[in-house]
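What follows is a short report on a single structure.
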Amino acid sequence: MEGEKRNLGFAVRSMVRKKIDIQWLEQKAKEIRKDILIMLNKAGSGHTGGSLSACELVTAIFFAKLRHHPADPSWEDRDRFVLSKGHAAPLLYATLAHAGYFDRKELSTLRRLGSRLQGHTEYNLALGVESSAGSLGHGLSIGNGMALALKLNKRKSRVYVLVSDGDVQEGQLWEAAITSSHRRLDNICLIIDNNDIQLDGHIREIRSTIYPLVEKFQAFGWQALEIDGHDFKQILDALNSAEAIKGKPTAIVAKTIKGKGVSIFEGQVKYHGIAPSDEELALALKELGD
Amino acid sequence: MLTSLTSVQEGKEGLRYSGSMGIRDAFGQFLLEEAAANPKLVVLDGDLSSSTRTILFGRKYPDRFFNMGVAEQDMIGTAAGLAMAGMTPLVSSFTIFLIGKPWEQIRQSVCYMNLNVKLVSSHAGITVGPDGGSHQCIEDIALMRVLPNMKVIVPADGVEARSVFRAAVNHHGPVYIRGARAKFPIVMAPDYQFQLGIAPLLRAGDDATIIACGLMVTKALEAAFSLAREGISVRVINMSSLKPLDEDAIVQAAGETGALVTAEEHSIFGGLGSAVAQVLGQHCPVPLEIVAIQDKFGTSGEPDELLVHYGLTEKEIAAKVKQVISRKR
């Protein structure tokens, strides 16, 4: 039974890979963007900019890379996706709904009393949410723990951790970066959604010397790559490169645009933590098209 | 007067103990025993494995031992990830570094997700001694009690600790166990079995009750012994299970003895005294006196000197018992 299950997992992945081309992924990202904006507007609060900036990254991971079974979310051999930037919860929820973990209708409950879709993610395997988040800096340590356990139990699963520019400012992330490389966790892939803006302003004004990131991770013993985080070809190449390297974790520094996909939100500091109004939503949906 | 749950005996000159055992020594021993039977058990330590005794496990089971270096926030997060992937992590360090530094990681990454992570500290309280105030954590019980899902246990000695470690591993969810540097006199009987939420009664008495935890259980028994010589009959309860608290034992003691004293090697804020006061205030108001460390940090000195300096002695407890009895209506 266990063997059958595992085979099914790889079958799902290869099937997905064959069918999916970049155009398909671009269309999927667009649908997810629209759902993010609709759910944020309905909720009346939440984080627009950082949900949109990582849209291609998360779409690529879930629909072209992750070995998982939405119908069997606690399958032990699954790959794990840990969202460390918990304020991008709408992005994860929309993606999980599109992946088949739960009905898209539930997206409209975001941030409501009694909803499973908490304002910041809450650990819930049934939904496909692998970890709670909301306080920055935690995700890589958690991912490392998963990666250590997977290696200890001789499982081939991989762990993807998505962090923000804010996570990179937390000391814990650098403690964890040492753990990943010291323990040679080549099953860890860290993706940095480097949209260059935080709540109060641009990184260059607040915390300019978090740069250069690629060189920092290299100095910490990682393979580190810089890519355009909205270019599916570059994202997939980088994820493949992470899977290929042995004995080292990989950090993908993805240059992204905050609020990507909607002209009025792009590169705007103020849309870090503001939901779209009815007018803004109408404009955004028009821009994103059908 | 003493119950069968304690191994302490009363002599003419005073109390007699069967020996002493460090909680950390009991921990090192427990890990070795448990590891063979439980392949899910993993141990994390923050560069203090020779002090916390996890090194014994690390030498025998290097694949399941992670020395995380001086990075406690990462250590807690890593333990959370290990638990999420099905392991049972026991995390060990000095109390201040295990509980103080990564408190927010314990909140977000362990308790919020109700993960099966056990925190086993060493070097709690002022009995750390010469290392001084920076190392003498007297806030840990308060910091852990306030977290939903967390269980908080303060063993009275190495014998109880052994039983506590077993109970903690059998319980699914976060548990904090407080340990100390010093060896404590053995008070619990060898066949005693710790149960979460159950406070063992160590001595029967009618005039007042002393509720103590950790090292102060010994001091409470000493105080009760000397008070008995003056004709004052004192009940002694070992409240090792701080959370869940044995509220029934507290209410019963309040009803039957009408006056309570608590004793702990912890700040007066948020520890055993606060917990008992909360129960009394809500269910059974009777006079209460609290023996604890006042709103102060620790300082360098030998453990016995420090216990006197901060008023954590059998004499202080006995004085408080008399005081609380005088307040009875």
Test item: A:168-176 mean partner chain Cβ contacts at 10 Å
4
Average partner chain C-beta neighbours within 10 Å, per residue of B:83-91?
5
Summed over the other residues with a beta carbon less than 11 angstrom from that of B:Gln73, with K and R at +1 and D and E at -1, the charge totals -4
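Under 8 Å for C-alpha pairs, at least 6 residues apart: give me the relative contact order for chain A, rounded to a whole percent.
About 22 percent, as a whole number.
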For A:Trp222, other-chain or 5+-apart residues with amide H closer than 5 Å (H placed, Pro excluded) are none
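Could you calculate the FRET efficiency of B:Ser300 with A:His202 from 1/(1 + (r/R0)^6), where r is the beta carbon distance between them and R0 is 45 Å, rounded to 0.05?
So the FRET efficiency works out to roughly 0.40.
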For segment B:28-84, calculate the relative contact order in percent as a whole number, restricting contacts to Cα pairs under 8 Å that are 6 or more residues apart.
36 percent
Averaged over B:67-76, how many beta carbons belonging to a partner chain fall within 10 Å of each residue's beta carbon?
6
Angle, helix B:72-84 long axis vs. longest principal axis of chain B, Cα atoms, 0 to 90°, nearest 10?
80 degrees
For A:Arg104 and A:Leu283, extending 7 Å from Cα along the Cα-Cβ vector and measuring point to point gives, in nm, a value of 2.5 nm
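How high is the relative contact order of segment A:220-268, in percent, with contacts defined as C-alpha pairs under 8 Å that are six or more residues apart?
40 percent
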Given the options A:Asn124, A:Asn144, A:Asn153, state which has the largest fluctuation in a GNM of chain A using a 10 Å cut-off (strictly under) for Cα springs.
A:Asn153
Based on the mean of other Cβ atoms within 10 Å per residue, sort peptides B:177-189, B:117-129, B:218-230 so the most packed one is first.
B:117-129, B:177-189, B:218-230
Charges at C-beta only: +1 for Lys and Arg, -1 for Asp and Glu. How large is the resulting dipole of the protein assembly as shown about its Cα centre, in Debye rounded to 20?
1220 debye
Output the antiparallel fraction of DSSP beta bridges having both residues in the protein assembly as shown, as a percent to the nearest 5.
20 percent
Under 5 Å from the placed amide H of B:Ala124, counting only residues 5+ away or on other chains, we find B:Thr95, B:Gly179, B:Ala180, B:Arg181
Scan around B:Gly69 for amide H atoms under 5 Å from its own, H built in the peptide plane at 1.01 Å from N, and keep only partners 5 or more places away or cross-chain.
B:Asp47
Quick one: Karplus J couplings for segment B:226-241, per residue in order, coefficients 6.51, -1.76, 1.60, θ = phi - 60°, nearest Hz, x for Gly and Pro?
5, 5, 4, 5, 8, x, 9, 9, 10, 7, 10, 10, 8, 8, 5, 8
Once phi is turned into ³J(HN,Hα) by the Karplus curve 6.51 cos²θ - 1.76 cosθ + 1.60 with θ = phi - 60°, what whole-Hz value does each residue of segment B:207-219 show in order, with x for glycine and proline?
7, 6, 10, 9, 10, 10, 9, x, 4, 6, 5, 4, 4
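I need B:Val308, B:Val291 ordered by Cβ neighbour count within 10 Å, fewest first.
Going from least to most buried by this count: B:Val308, B:Val291.
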Could you point to the residue in B:Met84, B:Ala142, B:Thr54 farthest towards the positive end of segment B:1-150's charge dipole, with +1 and -1 charges on the Cβ of Lys/Arg and Asp/Glu respectively?
B:Met84
To the nearest 20 debye, segment A:80-176 has a Cα-centred charge dipole, built from +1 on Lys and Arg Cβ and -1 on Asp and Glu Cβ, of 480 debye
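Since every read-out is calculated from the coordinates, none of them should be taken as a lab result. This structure is a prediction, so every number in the text was calculated from the model and none was measured. Methodologically, a virtual Cβ is constructed for each residue, glycine included, from the backbone with ideal geometry; neighbour enumeration extends over all protein chains shown.
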